[in-house]
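Following: one structure in structure tokens, then a few remarks.
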């Protein structure tokens, strides 16, 4: 039930985001939930500490997800693994920079940062991740 302090969901999950690999879809859903939790904390005026905690959870989970995804791609010798890893590394570097600046009060958690996170995650899942799906499925990964 929505309350007066509930912000709209920034990034609703859609079945179109599925890559047809159970563990990866589950991890992607968790990332989407964390992004929405971060947006909720920001929009409802939660304290900086609470926003910082959610941002840290998002960063940590994304890093764990990337390792899991990369391990799966490496084990099946996905031919575009290196390019995919570069995308992950670039995202991680950018978000860690945001996190550091936020912690040092150099930037607030702005809609610009949230838009970056949402856009990157959506484009990454729908573009780069969807590309490996048929390959890994053909290797028996579901």
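Couple of notes before you dig in:
- Among the residues of the stretch 101-142, the ones that are surrounded by fewer than 13 Cβ atoms within 10 Å (Cβ to Cβ), at pLDDT 90 or above, over 13 Å from the mean Cα position of the chain (by Cα) and not in a loop (DSSP other than H, G, I, E, B) come to 3 in all.
- Whichever residue in the stretch 36-69 is on the phi < 0 side of the Ramachandran plot and not in a helix (DSSP H, G or I) and, among such residues, is surrounded by the fewest Cβ atoms within 10 Å (Cβ to Cβ): 47
The values are calculated or read from the model by the stated rules, or taken from the named source; none is laboratory data. Everything numeric in this text was worked out from a predicted model, so none of it was measured. Neighbour counts are summed over all protein chains in view; Cβ atoms, including those assigned to glycine, are modelled from backbone coordinates with ideal geometry.
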